[in-house]
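Here the structure is laid out as structure tokens; the discussion comes afterwards.
The values are calculated or read from the model by the stated rules, or taken from the named source; none is laboratory data. This is a predicted model, so every value here is computed, not measured. Glycine gets a Cβ as well: all are built from the backbone with ideal geometry, and neighbour counts include every protein chain shown. Just so you know, the surface numbers come from the protein's heavy atoms only, side chains and all, with ligands and any DNA or RNA stripped out. Shrake-Rupley method; radii C 1.70, N 1.55, O 1.52, S 1.80 Å.
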Amino acid sequence: MTTDVLNQYLMPMAYALLVLQALDLATTLYVLRKGTGAEGNPVARKLMDFFGPELGLALPKLAFAGAIWTFRASTPPVVFAGLCVLYLVIVGNNLRFVLRTKP
């Protein structure tokens, strides 16, 4: 029964994950510009050093979004569910820094 429910929500979860990627990008850029936090992902930091903050953060997001869309039919729904939870936590953490006053 649980698998049937997850299969029913596969596409909404894929779309939600794409939206969460965009929210992660937007909130991270906002926090970086505001100066109330820093990028925690070392790979993204290296890309930001090389390409600048916008493109350095957008490239891995675009690659991940492409992978989500390309493999949406063959990815088990539980993977999308887990990634949605993970990115909800990430965006929630970013929002904490959005609301933080500059030290």
Does segment 87-102 contain at least one residue that is among the aliphatic types (A, V, I, L, M), under 14 Å from the mean Cα position of the chain (by Cα) and modelled with pLDDT under 90? no
Expected output for segment 40-63 (first residue within 16 Å of TYR30 (Cα to Cα), partner exposed (fewer than 12 other Cβ atoms within 10 Å of the Cβ) and not aromatic (Phe, Trp, Tyr), Cβ below 9 Å, 6+ apart or cross-chain) is ARG45/ALA38; PRO53/ARG33; GLY56/ASP49
Being of a type in the set (Ser, Thr, Tyr), surrounded by fewer than 17 Cβ atoms within 10 Å (Cβ to Cβ), at pLDDT 90 or above and out of contact with any Lys or Arg (no Cβ under 8 Å at 6 or more places or on another chain) narrows TYR9, TYR30 down to just TYR30
(Q) For the structure I just gave you, tell me whether LEU57 is surrounded by fewer than 17 Cβ atoms within 10 Å (Cβ to Cβ) and modelled with pLDDT of 90 or more. (A) no
For segment 65-81, pairs from a residue that is within 16 Å of ASP24 (Cβ to Cβ) to a residue that is among the aromatic types (Phe, Trp, Tyr), with Cβ under 9 Å and 6 or more apart or across chains, are ILE68/PHE80; PHE80/TYR9
Subset of segment 66-80, residues at pLDDT below 90, open to solvent by less than 50 Å² (accessible area, probe 1.4 Å) and part of a helix (DSSP H, G or I), comes to ILE68, PRO77, PHE80
